[in-house]
Amino acid sequence: MRKVLFAVCMLFCGIVTSVAQDGSYRLEGRLEPTVNGQMVLIADTENGLIELGDITVTDGRFEFSGRMSEMTVVYLMTGKKDAVLATIMLENAPYLITSVSGTLVVEGGGEAQKIWSEFNDLNRYLLESQERLDAQAIANPARLQEFQREFQTILLNVEAEELALLKKYNHSIVAAWMVASKMEGVDEAKLTERYEVLGEEAQATFYGKRIVDELNKMQKIAVGAVAPDFSAPLADGGVLALHETRAKVKIVNFWASWSKPCRDENVNLLRLYKRYRPKGLEIISVSLDDNKSVWLTAIGEDGSDWKNVSDMRGPNSVIVVNYRVKTLPCIFILDDENRIVAKNLRGNDVVGSIKCCLSLGPLSSRFLGDSLSKKYCHDN
């Protein structure tokens, strides 16, 4: 029996050694026998996403090999490239890919894959917790707020544990990739904190450079910065230029006709506009619609008789990209010098900020930075 085990061990070690000596990577897939079709391996590189090759799966089995000059993050995707099946920290080493409950599991690889697994365990726990609480909320709608509070607690704990892992592995390119891959929806303060945790080696990677690039873009729309200028076609003809639009206070409202929260916010903006337009308020709504007829109909239905603009490019609009619009509605409040004094507000917070900016009453500095709050709320 010991001889058999020794022989098996030597056989496995021989495979690993041959791969290492060959200086290449090898992906071996052992999925359910019913799995057939195409997959594609895509590398996330400094020059963007690059396709490494197609993978044919036959009766749940596949093999794919090649050589990497350095550790590279790659995505195993469906043949149509519409879903990521697995994330691999690809080095010149052997990998085994299996399936557990319909989810691909990656084993093997080097140190980077092991580090990634620790981060992925947190992500999986968060996702499973969300799915569990969503199901409980559907079954017990009266306890919705209780489940929401529980999820927020879990989220905060996961974020704290993730930050601890970033500090533990701050030298690794995996840590830089983790921060870069989660920039969507993260505010500037949190992204800055995570970037500063990274060591010099990780910051020097192209993932670290991506983070710096995003932070630079965020600073252009930070409270206190001059809002990026833009020009766009008006709904009633002509072209509007933001910086040429004169007003004591301006609201730049990113919205879309198909978004119910946006349509609800339009009701609030209409009341606000009627009350404060004579005092110097102007509203500029930038639509993410790509159908002009639908857009114009929504403007009429909501009675949005302020300035409405759109280039009909939807989320691909340069304006939308420059303002880092991630959710709708997305509202920025500007002063008469086009300086951003508040952003990402809704409902009563918008009303309160406008009152503050027009010096109509005191308002807590939670709406504006301390210096801006003093300027707009206490000058008069």
Every pair of residues 6+ apart whose Cβ atoms lie under 7 Å, when the first sits in the stretch 199-222 and is within 22 Å of Lys326 (Cβ to Cβ) while the second is among the small types (Gly, Ala, Ser) and part of a helix (DSSP H, G or I):
Tyr207/Ala176; Tyr207/Ala180; Gly208/Ala176; Gly208/Ala202; Arg210/Ala180; Ile211/Ala180
Examine the stretch 327-336 for a residue that is charged (D, E, K, R) and at pLDDT below 85, and state whether such a residue exists.
no
Please go through the stretch 53-86 and pick out each residue that is more than 20 Å from Ser181 (Cα to Cα) and without any contact (Cβ under 8 Å) to a residue 24 or more places away in the chain.
Gly53, Thr56, Thr58, Ser69, Lys80
Would a scan of the stretch 264-282 turn up a residue that is under 21 Å from the mean Cα position of the chain (by Cα) and not β-branched (Val, Ile, Thr)?
no
Does Met89 fit the bill of being touching a residue at least 60 places away in the same chain (Cβ under 8 Å), outside the structural domain of Ile173 (by TED's automatic domain parsing) and within 25 Å of the chain's Cα centre (by Cα)?
yes
Which residue, of Thr87, Thr56, is surrounded by fewer than 17 Cβ atoms within 10 Å (Cβ to Cβ), hydroxyl-bearing (Ser, Thr, Tyr) and not in a loop (DSSP other than H, G, I, E, B)?
Thr56
Would you confirm whether or not the stretch 123-136 contains a residue that is closer than 30 Å to Gly53 by Cα and either surrounded by 14 or more Cβ atoms within 10 Å (Cβ to Cβ) or in the same structural domain as Gly53 (by TED's automatic domain parsing) (or both)?
yes
What pairs come out if I take residues in the stretch 142-167 that are without any contact (Cβ under 8 Å) to a residue 40 or more places away in the chain and among the acidic types (Asp, Glu) and pair them with residues that are assigned to a helix (DSSP H, G or I) and surrounded by 12 or more Cβ atoms within 10 Å (Cβ to Cβ) whose C-beta lies under 8 Å away, six or more apart or interchain?
Glu150/Leu133; Glu161/Leu122
Test result for Gly208, in contact with a Gly (Cβ under 9 Å, 6 or more places away or on another chain), not polar (S, T, N, Q) and not assigned by TED's automatic domain parsing to the domain that holds Ser317
no
Consider Gly224 against the criteria (1) in contact with a strand residue (DSSP E or B) (Cβ under 9 Å, 6 or more places away or on another chain); (2) modelled with pLDDT of 95 or more; (3) not hydroxyl-bearing (Ser, Thr, Tyr): it satisfies all of them except one. Which criterion is unmet?
(2)
Among residues belonging to the stretch 301-341 that are in contact with a Gly (Cβ under 9 Å, 6 or more places away or on another chain) and of a type in the set (A, V, I, L, M, F, W, C), point out the one that is surrounded by the fewest Cβ atoms within 10 Å (Cβ to Cβ).
Val320
If you go through the stretch 156-175 one residue at a time, do you hit one that is assigned to a strand (DSSP E or B), aromatic (Phe, Trp, Tyr), surrounded by 13 or more Cβ atoms within 10 Å (Cβ to Cβ) and in contact with a Phe, Trp or Tyr (Cβ under 9 Å, 6 or more places away or on another chain)?
no
Every residue from the stretch 40-98 that is of a type in the set (Asp, Glu) and within 26 Å of Lys209 (Cβ to Cβ):
Asp44, Glu46, Glu51, Glu70, Glu91
Which of the residues spanning the stretch 79-98 are modelled with pLDDT of 95 or more and not aliphatic (A, V, I, L, M)?
Thr87, Glu91, Asn92, Pro94, Tyr95, Thr98
Per the filter on the stretch 234-250, residues charged (D, E, K, R) and outside any loop (DSSP other than H, G, I, E, B) are Glu244, Lys250
Report yes if some residue within the stretch 177-193 is assigned to a helix (DSSP H, G or I), surrounded by 15 or more Cβ atoms within 10 Å (Cβ to Cβ), modelled with pLDDT of 95 or more and charged (D, E, K, R); otherwise report no.
no
Test Val197 against the stated conditions and say whether it is more than 30 Å from Thr72 (Cβ to Cβ) and either loosely packed, with under 15 Cβ neighbours inside 10 Å or not aromatic (Phe, Trp, Tyr) (or both).
no
Residues in the stretch 221-255 that are within 30 Å of Asn291 (Cβ to Cβ), loosely packed, with under 15 Cβ neighbours inside 10 Å and of a type in the set (Lys, Arg): how many?
0
Return the residues of the stretch 48-71 that are among the β-branched types (Val, Ile, Thr) and under 16 Å from Glu28 (Cβ atoms); say none if nothing qualifies.
Ile55, Thr56, Val57, Thr58
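The values are calculated or read from the model by the stated rules, or taken from the named source; none is laboratory data. All figures in this text were calculated on a predicted structure; none of them were measured in a lab. Because the Cβ atoms are built from the backbone with ideal geometry, glycine has one as well, and the counts that use them run over all protein chains shown.
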